[in-house]
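Contents: one structure, followed by commentary.
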Amino acid sequence: VQLQASGGGLVQPGQSLTLSCAASGTGSGITFRGWYRQPQGKQRELVAAIARDGLTNYADSVKGRFTISRDTAKNTVSLQMNSLKPEDTAVYYCKLTRWGTYHYWGQGTLVTVSS
C-alpha cells in the first residue's frame, strides 16, 4: 500500500487549502481513512476521518471549517480546509487502515498558516 499526500503550502489566515491523499495497492478491506496533523514539538492528532460506511468524524478544533471527502473510484481522500488559522500549522499525514488492523501512513505534507 502506498499513500501519496499533496496540497500543502503557505497560506494566510482565513484562506483555504485542499489536501489530497491518493492510495494505491490497497486491495479490499479499507475500513478507515483519515488525516492527522503534527505541529512542531507536539504529538500527532486526529483531524478528520471517514469510515467505510461514510460516517465522518472531526476534531473539535476543526469542526465547521474542515471537510473530509472521498472518491472511491480514484481511491482518493481529500481534506478541504477553510478559514485557516495559524494554529492549523502542522505537518498533515493521511492514514489508511485495512480490516481494522493494518495501518498505513502517507509521507506528510506541510501546511503553514501565517501572515
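Of the listed requirements (1) under 12 Å from the mean Cα position of the chain (by Cα); (2) of a type in the set (S, T, N, Q); (3) open to solvent by less than 30 Å² (accessible area, probe 1.4 Å), residue 26 misses just one: (1).
When you go through (1) open to solvent by less than 50 Å² (accessible area, probe 1.4 Å); (2) acidic (Asp, Glu); (3) out of contact with any helix residue (DSSP H, G or I) (no Cβ under 9 Å at 6 or more places or on another chain) one by one for residue 88, which number turns out not to apply? If we test residue 88 against (1) open to solvent by less than 50 Å² (accessible area, probe 1.4 Å); (2) acidic (Asp, Glu); (3) out of contact with any helix residue (DSSP H, G or I) (no Cβ under 9 Å at 6 or more places or on another chain), just (3) comes out false. Before we move on, is residue 96 touching a residue at least 60 places away in the same chain (Cβ under 8 Å), surrounded by 13 or more Cβ atoms within 10 Å (Cβ to Cβ) and outside any loop (DSSP other than H, G, I, E, B)? For residue 96, the condition - touching a residue at least 60 places away in the same chain (Cβ under 8 Å), surrounded by 13 or more Cβ atoms within 10 Å (Cβ to Cβ) and outside any loop (DSSP other than H, G, I, E, B) - is met. Scan segment 30-83 for residues that are among the aromatic types (Phe, Trp, Tyr) and part of a helix (DSSP H, G or I) and the total you get is 0.
Taken over segment 57-82, the criterion of being open to solvent by 60 Å² or more (accessible area, probe 1.4 Å), more than 13 Å from the chain's Cα centre (by Cα) and touching a residue at least 40 places away in the same chain (Cβ under 8 Å) is satisfied by 74 alone. Restricting 31, 89, 56 to those that are at pLDDT below 95 and on the phi < 0 side of the Ramachandran plot reduces the list to 31.
The values are calculated or read from the model by the stated rules, or taken from the named source; none is laboratory data. The structure displayed is predicted, hence computed values, not measured ones. Virtual Cβ from ideal backbone geometry, glycine too; neighbours counted across all protein chains shown. Each accessible area value is taken on the protein alone, full model and side chains, heavy atoms only, with ligands, DNA and RNA left out. Shrake-Rupley method; radii C 1.70, N 1.55, O 1.52, S 1.80 Å.
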